[in-house]
1. How far is helix 201-213 tilted off the main Cα axis of the chain, in degrees rounded to 10, range 0 to 90?
2. Per residue of the stretch 101-110, what does 6.51 cos²θ - 1.76 cosθ + 1.60 with θ = phi - 60° give for ³J(HN,Hα)? Whole Hz please, x for Gly and Pro, Karplus curve as stated.
3. How much length, in nm to one decimal, is gained on full extension between residue 23 and residue 215, taken as 0.36 nm per residue of separation minus their Cα-Cα distance?
4. Over the heavy atoms of residue 77, what accessible area does a 1.4 Å probe trace out, to the nearest 10 Å²?
5. What residues have an amide H closer than 5 Å to that of residue 125, excluding those fewer than 5 places away on the same chain, when H is modeled at 1.01 Å from N in the peptide plane?
6. Grab the Cα-Cα distance for residue 30 and residue 239, subtract it from 0.36 nm times how many residues apart they are, and report the gain in nm with one decimal.
7. When averaged across all projection directions, what area in nm² does the alpha-carbon convex hull of the stretch 1-118 cover?
8. In the chain, if the dipole is taken from +1 on Lys/Arg beta carbons and -1 on Asp/Glu beta carbons about the Cα centre, which of 159, 119, 201 is farthest to the positive end?
Amino acid sequence: MALKTLKTETRGRVAIITLNRPDALNALNSELLSELRETLAQYGADEKIGAIVLTGSEKAFAAGADIKEMQPKDYVSAYMEDFFEGWSAVSSTRKPVIAAVAGYALGGGCELAMMCDFIIAADTAKFGQPEITLGVLPGMGGTQRLTRAVGKAKAMDLCLTGRMMDAEEAERSGLVARVVPAAELLATATKAAEKIAGFSLPVAMMVKESVNRADEVPLAEGLRFERRLFHSLFATEDQKEGMSAFIDKRKAQFKHR
Ligand code: CAA
């Protein structure tokens, strides 16, 4: 498929997807969603890919859902098409996905970054949920994922005032895993993705599944789920290889990558 709103490349076992609507600060429209869904499905099925980096431009990761596309919608069409449901394809991607964020990550842009497994931010990044200024509220998970990430006080502050927070505040609040100089953003995110892609892929996918489970179930259920996955790994060659390599003082050569 010829892509109009994304650029893609692969570096070894890492796929890099770059949002590419520079004239609209990467605003998220239906064409971009459709291309992103297709691209994630392809990389998800590609056994040569072990991790994905999602990034934008220096100026904007994404400045939100496309307001021009959204403005004329009416209630019935929004309800009937279950507007925004298509974005669940990002959070249900089973391979690890890192968001590399520089510049604006506002509204749907912040929500898209939060659908990824963790965020590495440039020191230029600005996060916010300004939907209230447009007469709506976040619709791609902002009130839910932001609250889980940064707690009620800061989520309320951001969603009710529509203000932006910089990278330093985002890291301090727990939204962002690491902040790096803007010039090092993509290299850092790619290196992290390469590291992940060097491990056993089923293990990385189980880590993702298990950490995500922590948001969904009570602690006792989450602990049981984690332990069952842990037990299941003793049926794999990668567990034997990983532990044998440690004992033999050599680098593990995982089979399931
Ligand atoms: N949708 C559509 N177009 C957008 C856009 C968006 N979310 N954000 C920016 N653009 C467009 C602008 O309209 C402008 O296009 P034109 O040149 O054709 O006028 C172009 O991108 C450049 O933008 P600006 O001239 O505004 O750039 P700036 O540097 O002066 O300001 C900004 C940058 C502060 C990010 C500003 O663009 C802005 O406030 N954007 C909107 C942010 C926003 O409200 N996002 C939330 C959207 S709603 C949402 O996401 C709902 C949800 O829950 C998912």
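The values are calculated or read from the model by the stated rules, or taken from the named source; none is laboratory data. If you're wondering where the values come from, they're calculated on a predicted model, not measured in any experiment. Every residue, glycine among them, receives a Cβ derived from its backbone with ideal geometry; neighbour counts consider all protein chains shown. Side chains are part of the model used for accessible areas, which takes the heavy atoms of the whole protein and leaves out ligands, DNA and RNA. Shrake-Rupley method; radii C 1.70, N 1.55, O 1.52, S 1.80 Å.
1. Once rounded, the angle reads 50 degrees.
2. Result, ordered by residue: 10, 10, x, 6, 10, 10, x, x, x, 5 Hz.
3. 65.5 nm
4. Solvent-accessible area, nearest 10 Å²: 40 Å².
5. Under 5 Å from the amide H of residue 125: 103, 167.
6. Additional length available on full extension: 71.0 nm.
7. Mean projected area of the Cα convex hull: 7.2 nm².
8. The residue sitting farthest along the positive end of the dipole is 201.
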